[in-house]
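Read through the structure below, which is laid out as structure tokens, and then see the notes.
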Amino acid sequence: MSNNIFSGGKDVQLLEMLDAREKRQLKQQQLLEKSTNDTLISMTMNIPGSVKVTDELIKIFHLVYDQVKMDWQSELLHEELLPLKTGYEGYFLIKENASVVKKHLINLEEELPFGRLFDLDVLELRQEELVVLSRKDFNLSPRTCFICKENAKECGRSRSHSIEELQLAISDYINERRDMLNDKRS
């Protein structure tokens, strides 16, 4: 039986999640409006269900946050970590081309042991509009589901798997890599 890292965590209500998403979009807009020629990394975790923060998820977030910060230290203009109950959020304002940043972050998402748990979004302002770069912009296939390996967004939209199934799959994913939580590079 799997060790479910989500059991015992505090539930977040849907309205709190919607409010957090709205505040995140506003924050992204505000950061880029102050630095219009730069690139913003907006960092969140892909965590299904109402429990968004556990001890393990906090450790994992910090590992990846620290890696992103280290990778972009010389181009870093601003950084911010928000320890929210709706899920930790990280922001990095970078003096670098958005395409260069996105390519690097796609590699991190794919290569880091916990990278699949993250949304490392890259945003820029184009003609005063907020633009999010995606894998599709680089002719890359979408991310796959933790359970069935199909398109993760399609599985999420169609609710192909229950929250419990997804949480157990993510718990297994984390538990298989638990020894890496103490490593310097996640």
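The values are calculated or read from the model by the stated rules, or taken from the named source; none is laboratory data. Please read all numbers here as calculations on a predicted model, not as lab measurements. Please note: Cβ atoms are built from the backbone with ideal geometry, for glycine as well, and neighbour counts cover all protein chains shown. Heavy atoms of the whole protein, side chains included, go into the accessibility calculation; ligands, DNA and RNA do not. Shrake-Rupley method; radii C 1.70, N 1.55, O 1.52, S 1.80 Å.
Consider region 83-125 and keep the residues that are part of a strand (DSSP E or B) and of a type in the set (D, E, K, R). The one that is least open to solvent (accessible area, probe 1.4 Å) is GLU89. Checking the structure you have, find out if any residue of region 154-167 is under 20 Å from SER42 (Cβ atoms) and assigned to a helix (DSSP H, G or I). Yes: one or more hits. The number of residues in region 13-32 that are closer than 13 Å to LEU123 by Cα and of a type in the set (Lys, Arg) comes to 2.
When region 132-157 is filtered for residues that are within 19 Å of PRO113 (Cβ to Cβ) and surrounded by 12 or more Cβ atoms within 10 Å (Cβ to Cβ), the ones remaining, listed by number, are ARG143, THR144, CYS145, PHE146, ILE147, ALA152. Pairing each residue of region 31-54 that is on the phi > 0 side of the Ramachandran plot with any residue that is surrounded by fewer than 20 Cβ atoms within 10 Å (Cβ to Cβ), provided the two are 6+ apart or on different chains, yields C-beta distances under 6 Å for GLY49/ILE163.
Residues in region 142-172 that are hydroxyl-bearing (Ser, Thr, Tyr) and in contact with a helix residue (DSSP H, G or I) (Cβ under 7 Å, 6 or more places away or on another chain): THR144 alone. Given the criteria in contact (Cβ under 8 Å) with a residue 40 or more places away in the chain and more than 13 Å from the chain's Cα centre (by Cα), does ASP11 qualify? In short, yes. Of the residues making up region 158-181, just one is of a type outside the set (Asp, Glu), surrounded by fewer than 16 Cβ atoms within 10 Å (Cβ to Cβ) and modelled with pLDDT under 85, namely ARG178.
Taking region 26-63 as the range and being within 17 Å of LEU112 (Cα to Cα), in a helix (DSSP H, G or I) and open to solvent by 20 Å² or more (accessible area, probe 1.4 Å) as the test, the residues that pass are GLU56, ILE58, LYS59, HIS62, LEU63.
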